[in-house]
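Read the structure below first, then the notes.
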Amino acid sequence: MKLPTDLLVTGNAYADGAPRGGWFVARFIDPEHGLRCRLGRHGVFEQAQGDFELKLFSHPAGHHEAKSFPFNQTATTMSMLIGNGRFEIYFCAGGKWQHVLLQNDGDYVIWAPGVGHRWFARQASSIFTVRCPAVDVTDQAETPTHLIPTDLLLHWDKYVLH
């Protein structure tokens, strides 16, 4: 069951940016593309420590998120596969969940505040992540177990970790 585009958007940066000289997330992207359109989304948060954060991490095969579907309360996040790999991310919000596979160079996913996520590196993968705004570690919380769809928990335990 897919999450709505105001909570989660997927694509490939090369393909989505081709018509706009490489820009795939910007204020001038049509609002029908959900979180890719940044017009009107800039906000100043009292707890924000900066405008954005960047992370590039090389995940070995089998590496996975240990926390139970953490989410940021105020930050929007984008993760992109750089080069080769196979990186799975599972998302949940409002009783729904969605599986996203990053397997081609430039594949990305953007998710909104309040969307829980958990990832698994099926193959070694370099992942570039942007979080906006930059927030204190206290902005992150784990999704309470009773709010994670049961079928997602069963899927994670049965198909992801084994």
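Coordinate-derived values only; no laboratory data. All figures in this text were calculated on a predicted structure; none of them were measured in a lab. Using ideal geometry, Cβ is built from the backbone for each residue, glycine included, and neighbour counts are taken over all protein chains shown.
At full extension, residue 58 and residue 73 could sit 2.8 nm farther apart than now, given 0.36 nm per residue minus the alpha carbon distance. Label-to-label distance for residue 101 and residue 65 is 1.9 nm, based on points extended 7 Å past Cα in the beta-carbon direction. The label point for residue 86 and the one for residue 128, both projected 7 Å from the Cα toward the Cβ, are 2.4 nm apart. Label-to-label distance for residue 18 and residue 155 is 2.9 nm, based on points extended 7 Å past Cα in the beta-carbon direction.
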